[in-house]
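Working notes, structure below.
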Amino acid sequence: MSENIKIIKDATCTFCGCVCDDMELHVDVEEKRIVKAKKACVLGKAWFLEHTIEDAPAAMIDGKEVSIEEAIEEAAQTLVKAKFPITYGLSDTTSEAQREAVAITDYIKGNIDTTTSVCHGPSGLAFQGIGESTSTLGEVKNRADLVIYWGGNPAESHPRHFGRYAVTPKGMFTPGGKKDRTIVLVDVRKTKSSPVADILIKPKLGKDFEVLWALRALVKGKKLADNIEEITGVPLETLEDLAERMKNCKFGVLFFGMGLTMTRGRHFNSGALLALATDLNEFTHFVAKPVRGHGNVTGADNVVSWQTGYPFGVNFSRGYPRFNPGEFTTVDTLANGHADAALIVASDPASNFPKKAIDHLKSIPVVALDTKRTETTKDAHVAFKTSTYGINTTGTVYRMDDVPITLRPAFESPFPDDESILTGIKKRVQELMIAKHQATGASGEAKVAAAFTPL
Amino acid sequence: MIIINGDSKQGKFVVENLILIPGRSSKQGTTLNQGKLKDAYKEVTTTLEMNQDDMDRMKLVDGDEVRLKNETGETKVRCLGKKPEDLPAGTAFIPYGPPSSELMASDTAGCGMPLSKHMIVEIEKILS
């Protein structure tokens, strides 16, 4: 470690959706690395300390080093030639880069989807069906006296959620911190989050929907069947107690995780929870918030929604955006064999997707942008190594409660950021698409250019 | 649970069906920052947490290699016992990663989300 240490105050951690913006980073300017990350959790420390400048090519085509300009040209040519190009990922990059990815997809009449579809995508569907009683995490900190975590393990996935937002912080109307709150945890297994709970409820596997529906019935004053414990694994008196606590709190919040969206029932589970929150507003103030994983997955939802009208799973093949989860979501476009080229930004589907989808992804040309080498970038036709948002790059990210936060980078990277690469691809794609359109008989340069004006 | 006892050339073996719950863990989160192609991440994502009673019944000890298999695919992982009160009998937990993807079916039931938790898998000890 050199003696040339720069301190960055109020830096932002973009590892998870908590987007904690109170970091104090100690940066070794000569070695170009962060040596200390004060206030960071275990995940944040790893995020900051492990992102060093690696000796690797900034751009490669089929595993061979090329210039960035050559890689941009090849990426644009690949995407324009495709009949069903898809764009995917976007949850670990800035909203400025996300906007460019939407524009590229619009130009090439492709399909855009984000990691939301394999995260809280089912909740996105439930929001459209039920609605969302929402709030910021600041309101939760200052007001919530009943906090329920359902199907999640924040102690491991979002370690500062408890301390910064929802369990222990002292708020305006919760001056005693945890003493002023009741914490309920609902999960099928005991986790590292369990010790924080005042009430721990363990439903039978796959019975979350039934428990939520039973609570809705109790909140509405209905009598439950005697065998409810046999069905759900939760005793009747536990359900009655929770229903009363929910009706009688001053400000309640339901935080929900992948334990609802990734298991049987998916959007029905999320919908049942949102409906319960809505029901409770007849008695008190109650909100429901999905706990979001990646640092800017919420930004991806926001940007894709502004630009297309839909949050994920959007297809431009007819020249206007269409939304159809199950058809235009990426697991489906890959597993069904529809996609014939892919632009993957800051995501690693080759590591996390179902096998059938991965097999198809490996059979088509992929343009990939990532900060590190992954299963997706190592087999990509065109691979860009980019700088890390929040560490090397400024920009905007959205916290899980839709609050936008500006990033304060710690040190410069020799690698380009996602936004500049995507802007380069966008410009070249636009030129190629205009040329392609003219070649197929369109007349009038202005008319053609108008057809390819970005959203 | 379906339990099949059989004989192999090496001796007695047990095959059972388990419900597999892939999920996040803090160790997975820290190691992925080192790089997903690094050994630390591979080790985390190939460690299967099991109910200790289930392991005892299957004559498994910590570190034993087991094969997980379903209609979609199969993978090899090493098992690690958890207290029976922490992980319900008949279930197992594994941090998300390439091994769990091998077992994930691609059907999204029209919503875009594959069934990433609650996968029914067959587990079998790999005899050395």
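Hey, among A:D226, A:D180, which residue is assigned by TED's automatic domain parsing to the domain that holds A:P154, surrounded by fewer than 16 Cβ atoms within 10 Å (Cβ to Cβ) and without any contact (Cβ under 8 Å) to a residue 24 or more places away in the chain?
On the way: A:D180 fails: without any contact (Cβ under 8 Å) to a residue 24 or more places away in the chain.
A:D226 is the lone residue from the list that is assigned by TED's automatic domain parsing to the domain that holds A:P154, surrounded by fewer than 16 Cβ atoms within 10 Å (Cβ to Cβ) and without any contact (Cβ under 8 Å) to a residue 24 or more places away in the chain.
Just to be sure I understand, how many residues within the range A:320-360 are more than 11 Å from every other protein chain (Cβ to nearest Cβ), more than 26 Å from A:F415 (Cα to Cα) and either buried (at least 19 other Cβ atoms within 10 Å of the Cβ) or in contact with a Ser or Thr (Cβ under 7 Å, 6 or more places away or on another chain) (or both)? Explain how you work it out, then say what you get.
Looking only at the range A:320-360, we keep the residues that are more than 11 Å from every other protein chain (Cβ to nearest Cβ), and these are A:320-322, A:338-347.
Filter again for more than 26 Å from A:F415 (Cα to Cα), leaving A:320-322, A:338-340.
Checking the rest, the ones that are also either buried (at least 19 other Cβ atoms within 10 Å of the Cβ) or in contact with a Ser or Thr (Cβ under 7 Å, 6 or more places away or on another chain) (or both) come to A:321, A:339.
So the answer is 2.
Got a number for residues in the range A:13-34 being of a type outside the set (F, W, Y) and within 26 Å of A:H161 (Cβ to Cβ)?
Step one: filter the range A:13-34 for residues of a type outside the set (F, W, Y), giving A:13-14, A:16-34.
If we keep only those that are within 26 Å of A:H161 (Cβ to Cβ) as well, we get A:13-14, A:16-26, A:34.
So the count comes out to 14.
So, in the range A:327-343, of the ones that are touching a helix residue (DSSP H, G or I) at 6+ places or on another chain (Cβ under 6 Å) and in a loop (DSSP other than H, G, I, E, B), which residue ends up farthest from B:S106 (Cα to Cα)?
Ranking the qualifying residues of the range A:327-343, first place goes to A:A339.
Tell me yes or no: at least one residue of the range A:10-19 is over 27 Å from A:S351 (Cβ atoms), away from every other protein chain (no Cβ under 14 Å) and out of contact with any Ser or Thr (no Cβ under 8 Å at 6 or more places or on another chain). It would help to see each step written out before you state the result.
Going through the range A:10-19, the residues over 27 Å from A:S351 (Cβ atoms) turn out to be A:10-11.
Now drop any that are not away from every other protein chain (no Cβ under 14 Å), which leaves A:10-11.
Narrowing the set further to residues that are out of contact with any Ser or Thr (no Cβ under 8 Å at 6 or more places or on another chain) leaves A:10-11.
Among the residues of the range A:10-19, at least one is over 27 Å from A:S351 (Cβ atoms), away from every other protein chain (no Cβ under 14 Å) and out of contact with any Ser or Thr (no Cβ under 8 Å at 6 or more places or on another chain), which makes the answer yes.
What's the total number of residues in the range A:133-168 that are assigned to a helix (DSSP H, G or I), more than 14 Å from every other protein chain (Cβ to nearest Cβ) and over 17 Å from the mean Cα position of the chain (by Cα)?
Narrowing the range A:133-168 to residues assigned to a helix (DSSP H, G or I): A:137-143, A:154-157, A:161-166.
The next check asks that each one be more than 14 Å from every other protein chain (Cβ to nearest Cβ); those that pass are A:137-143, A:163-166.
Now drop any that are not over 17 Å from the mean Cα position of the chain (by Cα), which leaves A:138-143, A:163-166.
The number of residues fulfilling the criteria is 10.
With A:T182, A:T232, A:T261 as the choices, which residue is among the polar types (S, T, N, Q), closer than 27 Å to A:G138 by Cβ and within 14 Å of chain B (Cβ to nearest Cβ)?
Details: A:T182 fails: within 14 Å of chain B (Cβ to nearest Cβ); A:T232 fails: closer than 27 Å to A:G138 by Cβ.
Step by step, each of A:T182, A:T232, A:T261 is checked, and only A:T261 is among the polar types (S, T, N, Q), closer than 27 Å to A:G138 by Cβ and within 14 Å of chain B (Cβ to nearest Cβ).
Would you confirm whether any residue within the range A:290-311 is touching a residue at least 40 places away in the same chain (Cβ under 8 Å), over 30 Å from A:A166 (Cα atoms) and buried (at least 24 other Cβ atoms within 10 Å of the Cβ)?
The answer is no; no qualifying residue exists.
Scan the range B:51-72 and give yes if some residue there is within 14 Å of chain A (Cβ to nearest Cβ), in contact (Cβ under 8 Å) with a residue 40 or more places away in the chain and over 25 Å from A:S157 (Cβ atoms), otherwise no.
yes
The values are calculated or read from the model by the stated rules, or taken from the named source; none is laboratory data. Bear in mind that the values here come from a model prediction, so they are computed numbers and not experimental data. Neighbour counts are summed over all protein chains in view; Cβ atoms, including those assigned to glycine, are modelled from backbone coordinates with ideal geometry.
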